[in-house]
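Asker: Have a look at this one.
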There are 2 protein chains.
Amino acid sequence: MWHYAPPLRDMRFVIDEVLQAPAAWADMPVFDGLDGETAAEVLAQAGRFAAEVLAPLNGPGDLAGCRWRDGEVTTPAGFAAAYRAFVEGGWPALACDPDCGGQGLPQLLNAALYEMLAAANHAWTMYPGLLHGAYECLHAHATGDLRERYLAKVTSGEWLSTMCLTEAHAGSDLGLLRTRAEPNGDGSYAVNGQKIFISGGEHDLTDNIVHLVLARLRGAPEGTKGLSLLLVPKWLPDGARNAVHCDAIEKKMGLKGSATCTMRFEGATGWLLGEAHRGLSAMFLMMNAARLHVGLQGLGHLEVSTQNALRQATERVQSRAPRRPAGAEAAPADAVIWHPAIRRTLWTLQARAEGGRVLAYWAAQALDEAAAHPDEAVRAAANDRAALLTPVVKSLLTELGHAGADQALGVWGGHGYIHEMGIEQVVRDSRIAMIYEGTNEIQAIDLLLRKVLPDGGVRLGQLLDWADAQAEGAAQATRVRLGLQAVRDCAAGLVSGAEVDAEWPYRAADDFLRALGEALLACAWARSEAAARAALAGGAPDRAFYEAKLQRAQFQANYLAGELPRCLMAVERARAELPFLPAL
Amino acid sequence: MWHYAPPLRDMRFVIDEVLQAPAAWADMPVFDGLDGETAAEVLAQAGRFAAEVLAPLNGPGDLAGCRWRDGEVTTPAGFAAAYRAFVEGGWPALACDPDCGGQGLPQLLNAALYEMLAAANHAWTMYPGLLHGAYECLHAHATGDLRERYLAKVTSGEWLSTMCLTEAHAGSDLGLLRTRAEPNGDGSYAVNGQKIFISGGEHDLTDNIVHLVLARLRGAPEGTKGLSLLLVPKWLPDGARNAVHCDAIEKKMGLKGSATCTMRFEGATGWLLGEAHRGLSAMFLMMNAARLHVGLQGLGHLEVSTQNALRQATERVQSRAPRRPAGAEAAPADAVIWHPAIRRTLWTLQARAEGGRVLAYWAAQALDEAAAHPDEAVRAAANDRAALLTPVVKSLLTELGHAGADQALGVWGGHGYIHEMGIEQVVRDSRIAMIYEGTNEIQAIDLLLRKVLPDGGVRLGQLLDWADAQAEGAAQATRVRLGLQAVRDCAAGLVSGAEVDAEWPYRAADDFLRALGEALLACAWARSEAAARAALAGGAPDRAFYEAKLQRAQFQANYLAGELPRCLMAVERARAELPFLPAL
């Protein structure tokens, strides 16, 4: 049956031995006293919550879905109780400022927490999924009464929050938004408009819901420079119900336990968060973390699919394999894990999941350093690294998560198509992560057009230098460095080629992002291999764990290293013009 | 909104100009008098049925699903009436022997019919989907009373049929089957056992259901050589209800309008079809056609996804594109079809759909020639070609169908995740085609291990020679021929490499199949390009159609030709050992 075992051993390996995070924490005063043991204990507790409380609700939650009636939403059985336990455990405040009631732990641990939540129950995780972003927003922008009333409640998770961005005609393009806010004369605003695809716009998990709404003040400029951010609570401070209503919930491909709401603001009372017309930059404050978290969902999908496929492959017996287990001569058939095609799928899934974990945690560590390192130069370098890693993590890991779940489904044969087995739900749940929080195509444009080309590849070069240093000491260092160099050359070609054909980078952006991602994954494996080798040389007790790492690093080099040249070649191929399509 | 426009123009191009089927029909006496006009008229009628009757039932059928109650199954509203119309139209008998009430038309036209049915409503198409196979089986093996009672009813579709193969522990590996049949002494048998995943095992479309059941007679050998095929009707000739019961239907990822049944045979009365213990070879008779039809489902998914994505991309306005339509300077945003990433997706989908159609119809034409050509040598060559093309069509087109639908979903942005839009259903419906009728991994083994390696690549070489001749006269002929040669070399490498490492071909089989498929797709495009060029040179009136073909052939050469070297490289990479996975 479907199960989720938090990958605590691998998380500890990545955090302690690959990232050497405890040493990094020692350099950052805000994490004073945090060591690997404490971090591991926090994650073990989080893992228990994910595995014991959330995972059992995942399949039933998908079948039951959310129910809408007269503007009220009922979440699947158990979701509300699980959320109360989550708040009581203090999990929402894990990486929040201790001055506001937070625990002050690194984003890196919050990343590991959210990887586990999403792996266990992505639909449930949608409810607290935007909470940390809302906290960041309030922490930076809420003042006076607003701060007093809302910051602590959002930090603790007592009240959940939404991000009300999308409108029916405006998804990726927020400049088209039409929702309006008019001053009421008492410092508050009346908000009018309709928003769609609002996750957790209505639910039965918390007493109040704090909506963060992008709207346009009277006389604001057109486009994205005329958007303001307003805080609109479901219940007003005087106890009255605010004029914000959930008109419907969507029937979706997946995430059926998560209420995706159509919200109507009908003169709803709200207050400005941050400056007028600067709503988008207030919201962009939380963009890197939000995108990283979507990448972590992809990682969670990949991990849980891998675990279950591995178990299924050892249990399902079907046909004889060309190489059979010793002593099986008389058996009519073998466990499918012996079949080469299945074995290859499983190796691939494992190599992707573990390499992807290193990549995602690198990004989380960069966010911590960018926010908390005492040295300004280190902060600036980490900030640049995070800016480049974030779109790669978001796009690559959500793609690997969805494709990995889809590939894993095949391990069950026809049974994989049946809901009861669990895997088809992951295929459905994982698809949206490639779209929301900026589609993967937009991530690719963000990376190449906004972050690589404008400075002629300088910041990219710094990231590649940093990655190169990570490969130090690995048996595969030379090959990995050649890959990094090839990405550098590819970027240089795009910089000069864009002068001749300004559209080429747009046509090539997806493949460039994927190329950088593959080069970094190779680098993550080189780093993991070097760490595993060092542990074995140092006489670490858990030899089987490290030897399996070395085998997977070898698999990566043998089977997956072809992905990078493929992507680089595709960037070159995209030099060819793409004519406008003939009319319908 | 979701729509389906039968691609009649492209079908006619492929059938008349690429395959030059009318000339081929003239060589086969059984198709005497059939010309391109007549064929086009048949397909136009079929297209109307698919678009007007079936397509409107597709989305509602998915939401309603099938209902099971006390062993009875209710299909979604409209399914039964549509089936009656299908039978009244004579569609089940399209490619059946006129002596049995069939229309005697080529498999090629039946292929085009089933492409349209699957594109319009895959779930509904599951009910008649196995009918032609059942007809083939009865036509070849039913004698005496059995033939008298069942052949005409199955030919006309008045009674639907099932294939009862899978059991809970035996999917891909039929050798493990346990269902038993004992002689009753009157020529009939008592069948006992449980079958799962039986499509249309119970439903409300026809009065009777004719189950074809694989079972083991007493004293039969173990494994696949001990299986017999029995005909077990739901209602016995004397009007009594037979002891075959539907115990449950599955909750599946997709195809919710198709009842996937758990069937219990409790001393059910059946009659032997063909010889005892030769059930599998009786069933394999219809294997090529059945596998081709699954490939056609993939083609249908690809086609309908492409059409709808194209329309959506012209209607959805979002952000400014780097190159904008003339006169759009003042508009705040452009139709997404102008965005390079979306444009590239659409070109890819179109190139895959149209190239895939040529490939699938080549296989159908080979089946016709293998069955009906008067020259034995031509029949034998066509039979070999069909044997090699079939696993490629099944595996490649179902993969492209599912991946294509999944990629198309992105054109809708977040809206693609909503049921109402239609595309997410295609993603779900299409996944099973990669699994049933022999998983795609089994197709790859069938191709490489059973059909290429055993004769040292001789038959493959003949297929490649044939393909090479297809490229004759194309501007891209040289490049395409180099690709075919590379596949030939790859196969030669596998033949000799297998002597050293017998497992290598198993590890490389998926990539080898894909490589052959990509080489054939390139060839299909070269052929299409040459045909379009000839039409333009001949002053064909429909210039826009042919010019668009040439543009897509160019896109194929520019953007998709990298797939073949990628697959060939992957075959090489698979030389590396794949160790057994460390224990859980």
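The values are calculated or read from the model by the stated rules, or taken from the named source; none is laboratory data. This is a predicted model, so every value here is computed, not measured. So basically every Cβ, Gly included, is an ideal-geometry build from the backbone, and we count neighbours across all protein chains shown. What goes into the accessible areas is simple: the full protein's heavy atoms, side chains included, and nothing from ligands, DNA or RNA. Shrake-Rupley method; radii C 1.70, N 1.55, O 1.52, S 1.80 Å.
Asker: Taking residue B:3 in one copy and the same position in all the others, each labelled 7 Å out along Cα→Cβ, what are the pairwise distances from the first, in nm, shortest first?
Answerer: 5.2
Asker: Evaluate region B:458-576: find the radius of gyration of its Cα atoms, find its Kirkwood radius, and give the ratio Rg to Rh.
Answerer: Values: Rg = 16.6 Å, Rh = 15.2 Å.
Reported Rg/Rh (Cα atoms, Kirkwood Rh): 1.09.
Asker: Working with all protein chains in place, sort A:489, A:429, B:375 by solvent-accessible area computed with a 1.4 Å probe, largest first. It would help to have the intermediate numbers written out before the result.
Answerer: Numbers: A:489 90, A:429 5, B:375 70 Å².
In descending accessible area the options line up as A:489, B:375, A:429.
Asker: Would you work out the relative contact order for region B:371-482, in percent, from Cα pairs under 8 angstrom that are 6 or more residues apart? Show your work: numbers first, answer last.
Answerer: Values: 69 pairs, mean separation 29.0, N = 112.
Relative CO of region B:371-482 lands at 26 percent.
Asker: Here is a further query. Assuming a viscosity of 1.002 mPa s and a temperature of 20 °C, what translational diffusion coefficient in µm² per second does Stokes-Einstein assign to region B:167-286, Rh being the Kirkwood radius over Cα pairs? Intermediate results must be reported in sequence, preceding the final value.
Answerer: On the way: Rh = 14.7 Å.
Once the numbers are plugged in, D ends up at 146 µm²/s.
Asker: Inter-copy label distances at residue B:185, 7 Å along the Cα→beta-carbon direction, one decimal in nm, shortest first?
Answerer: Spacings between copies for this position, smallest first, are 10.1 nm.
Asker: If you take every residue apart from residue B:2 with its C-beta less than 15 Å away from the C-beta of residue B:2, what net charge results, scoring Lys and Arg +1 and Asp and Glu -1? Write out the running numbers ahead of the final one.
Answerer: Working: positive: A:251, B:311, B:316, B:428; negative: B:52, B:62, B:303, B:315, B:420, B:424, B:429.
With Lys, Arg at +1 and Asp, Glu at -1, the neighbours total -3.
Asker: While we're looking at this one, here's another question. For region A:392-493, with equal point scatterers placed on the C-alpha atoms only and solvent neglected, what are the log10 I(q)/I(0) values from the Debye formula at q = 0.10, 0.11, 0.21 1/Å, to two decimals?
Answerer: -0.45, -0.53, -1.01
Asker: Every other copy gets compared here: list the nm distances from the residue A:377 label point (7 Å along Cα to Cβ) to its counterparts, shortest first, one decimal.
Answerer: Spacings between copies for this position, smallest first, are 8.2 nm.
Asker: Another question, then. On a C-alpha basis, how far is the centre of region A:524-541 from the centre of region A:195-240 in Å? Whole number, if you could?
Answerer: 49
Asker: Please sort by residue number the chymotrypsin sites (Phe, Trp or Tyr not before Pro) in region B:1-93 whose DSSP state is loop and whose Cβ has at most 15 other Cβ atoms within 10 Å. Please list the in-between numbers first.
Answerer: On the way: sites: B:2, B:4, B:13, B:25, B:31, B:49, B:68, B:79, B:83, B:86; in loops: B:2, B:4.
Passing both the DSSP loop test and the Cβ count: no residue.
Asker: Can you list the HN-Hα couplings for region A:356-366, worked out from phi with the Karplus curve (6.51, -1.76, 1.60; θ = phi - 60°), rounded to whole Hz and with x for Gly and Pro?
Answerer: So the J values, rounded to whole Hz, are x, 4, 4, 4, 5, 6, 4, 5, 5, 5, 5.
Asker: Continuing with the same structure: Relative contact order for region B:439-578 using alpha-carbon pairs under 8 Å, separation at least 6, rounded to a whole percent?
Answerer: Values: 140 pairs, mean separation 43.4, N = 140.
With pairs under 8 Å counted, the relative contact order is 31 percent.
Asker: Where q = 0.26 Å⁻¹, what log10 of I(q)/I(0) comes from the Debye formula for region A:176-240, counting one point per Cα?
Answerer: Calculated log10 I(q)/I(0) at the listed q: -1.23.
Asker: Helix A:79-88 sits at what angle to the longest principal axis of chain A, using alpha carbons and giving 0 to 90 degrees rounded to 10?
Answerer: 90
Asker: Starting from 0 in steps of 5 Å, tell me what percent of the Cα-Cα pairs of region B:85-154 lands in each bin.
Answerer: With a bin width of 5 Å, the distribution comes to 4, 16, 27, 26, 16, 8, 3, 0.
Asker: Given contacts defined as C-alpha pairs under 8 Å and at least six residues apart, what's the relative contact order of region B:8-139, whole-number percent? Provide the component values of the computation, followed by the final result.
Answerer: Details: 107 pairs, mean separation 30.2, N = 132.
Value for region B:8-139: 23 percent.
Asker: Another question, if that's okay. Restricting attention to region A:134-196, which trypsin sites (Lys or Arg not before Pro) occupy a DSSP loop and are surrounded by at most 15 other Cβ atoms within 10 Å?
Answerer: On the way: sites: A:147, A:149, A:153, A:178, A:180, A:195; in loops: A:178.
Sites meeting the loop and neighbour criteria: A:178.
Asker: How large is the charge dipole for the protein assembly as shown, taken about the Cα centre, if only the Cβ atoms of Lys, Arg (+1) and Asp, Glu (-1) carry charge, to the nearest 20 debye? It would help to have the intermediate numbers written out before the result.
Answerer: Numbers: 106 positive and 136 negative charges, 33 e Å.
Its charge dipole is roughly 160 debye.
Asker: Turning to a different aspect of this structure: If you plug each phi of region A:335-341 into the Karplus form 6.51 cos²θ - 1.76 cosθ + 1.60 with θ = phi - 60°, what whole-Hz ³J(HN,Hα) values come out, in order, with x for Gly and Pro?
Answerer: 4, 5, 4, 7, 6, x, 5
Asker: Name the residue farthest towards the positive end of the dipole of the protein assembly as shown from the options A:42, B:188, A:63, assuming +1 on Cβ of Lys and Arg, -1 on Cβ of Asp and Glu, about the Cα centre.
Answerer: In the protein assembly as shown, that residue is A:42.
Asker: Can you list the lysines whose alpha carbon is less than 16 Å from that of residue A:451, not counting same-chain residues fewer than 8 positions off?
Answerer: Within the straight-line limit of under 16 Å, residue A:451 reaches these lysines: A:394.
Asker: I would also like to ask the following. To the nearest whole number, what is the average tally of beta carbon atoms from other chains within 10 Å of the beta carbons of peptide A:158-169?
Answerer: Working: counts 0, 0, 0, 0, 0, 0, 0, 0, 3, 0, 1, 4.
Shielding by partners across A:158-169 averages 1.
Asker: Given charges of +1 on the Cβ of Lys and Arg and -1 on the Cβ of Asp and Glu, with all other atoms neutral, how large is the dipole of region B:286-438 about its Cα centre, in debye to the nearest 20? Don't skip to the end; give the middle numbers.
Answerer: Details: 15 positive and 16 negative charges, 116 e Å.
Approximately 560 debye in magnitude.
Asker: Taking only the alpha-carbon atoms of region B:1-110, what semi-axes of the equivalent ellipsoid follow from 5 times the gyration tensor eigenvalues under a square root, in whole Å, largest first?
Answerer: Details: eigenvalues 211, 69, 18 Å².
Equivalent ellipsoid of region B:1-110: 32, 19, 10 Å, largest first.
Asker: In addition: Ordering A:418, A:445 by accessible area with a probe of 1.4 Å, largest first, what comes out? If you can, show how the numbers build up before the last one.
Answerer: Details: A:418 10, A:445 45 Å².
Result of the area sort, largest leading: A:445, A:418.
Asker: So for chain B, what percent of the C-alpha to C-alpha distances run longer than 30 Å? Each step should come with its number before you reach the end.
Answerer: Numbers: 90388 of 170236 pairs.
Result for the distance tail: 53 percent.
Asker: When all protein chains stay in place, what accessible area (Å², nearest 10, 1.4 Å probe) is found for residue B:188?
Answerer: Its heavy atoms expose roughly 0 Å² to the probe.
Asker: Considering only the other residues whose Cβ falls under 14 Å of the Cβ of residue B:80, what net charge follows from Lys and Arg at +1 and Asp and Glu at -1? Numbers along the way, then the final one.
Answerer: Numbers: positive: B:67, B:84; negative: B:72, B:88, B:158, B:202, B:204, B:207.
So the environment of residue B:80 carries a net charge of -4.
Asker: Taking every alpha carbon pair in region A:340-421, what does the distance histogram look like in 5 angstrom bins from 0, in percent?
Answerer: The percentages, shortest bin first, are 3, 15, 18, 15, 13, 11, 9, 7, 5, 3, 2, 0.
Asker: Continuing with the same structure: Provide a whole-number value for the mean count of partner chain Cβ atoms within 10 Å of the Cβ atoms in peptide A:253-263.
Answerer: Details: counts 11, 3, 1, 0, 0, 0, 0, 3, 0, 0, 0.
The mean count of partner-chain Cβ atoms within 10 Å per residue comes to 2.
Asker: Moving on to the next point. Which one, B:536, B:505, B:483, is farthest towards the positive end of the dipole of region B:439-578 when Lys and Arg carry +1 and Asp and Glu -1 on their Cβ?
Answerer: Going by the Cα projections, it comes out as B:536.
Asker: Longer than 25 Å from Cα to Cα, which of A:195/B:256; B:195/B:252; A:153/A:234; A:195/A:252 are they? Say none if no pair is. Kindly include the intermediate steps, with their values, before the conclusion.
Answerer: Numbers: A:195/B:256 31 Å; B:195/B:252 17 Å; A:153/A:234 14 Å; A:195/A:252 17 Å.
Checking Cα-Cα distances, A:195/B:256 exceed 25 Å.
Asker: Sum -39500 (n - 2.57) across every DSSP H segment of at least 4 residues in chain B, then divide by the residue count to get the 222 nm mean residue ellipticity, nearest 500.
Answerer: Working: 19 runs with 303 residues, N = 584.
So the calculated ellipticity at 222 nm is -17000 deg cm²/dmol.
Asker: Can you send over the solvent-accessible area of residue A:249, 1.4 Å probe, protein chains only, in Å² to the nearest 10?
Answerer: 40
Asker: If you line up the long axis of helix A:55-64 against the longest principal axis of chain A, both from Cα atoms, how many degrees apart are they, to the nearest 10?
Answerer: 60
Asker: Which distance in Å, rounded to a whole number, links the C-alpha centroids of region B:400-431 and region A:385-460?
Answerer: Comparing the Cα centres of region B:400-431 and region A:385-460, I get a distance of 16 Å.
Asker: To continue, here is another question. How big is the C-alpha Rg of the protein assembly as shown next to the rule-of-thumb value 2.2 N^0.38 Å, as a ratio?
Answerer: On the way: Rg = 30.3 Å, N = 1168, 2.2 N^0.38 = 32.2 Å.
That works out to 0.94 for the protein assembly as shown.
Asker: If you find the alpha carbon centre of region A:2-77 and of region B:22-59, how far apart are they in angstrom?
Answerer: Taking the Cα centre of region B:22-59 as reference, the centre of region A:2-77 is 57 Å away.
Asker: Please report, largest first and rounded to whole Å, the three semi-axes of the ellipsoid equivalent to region A:490-556, where each semi-axis is the square root of five times an eigenvalue of the C-alpha gyration tensor. Let's see the in-between values first.
Answerer: Values: eigenvalues 322, 20, 7 Å².
The answer is 40, 10, 6 Å, longest axis first.
Asker: Continuing with the same structure: With respect to the symmetry axis carrying chain B onto chain A, which residue of chain B exhibits the smallest Cβ distance to that axis, and what is the value in whole Å?
Answerer: B:566, 3
Asker: In peptide A:194-204, what is the residue-averaged number of other protein chain Cβ atoms found within 10 Å of each Cβ?
Answerer: Numbers: counts 0, 0, 3, 5, 0, 0, 0, 0, 0, 0, 0.
Partner-chain Cβ atoms within 10 Å, mean over residues of A:194-204: 1.
Asker: Please arrange A:261, B:100 by accessible surface area, largest first, computed with a 1.4 Å probe and ligands excluded. Walk me through the numbers on the way to the answer.
Answerer: On the way: A:261 0, B:100 30 Å².
Solvent-accessible surface, decreasing: B:100, A:261.
Asker: Helix B:144-156 sits at what angle to the longest principal axis of chain B, using alpha carbons and giving 0 to 90 degrees rounded to 10?
Answerer: For B:144-156 against chain B, the angle is about 30 degrees.
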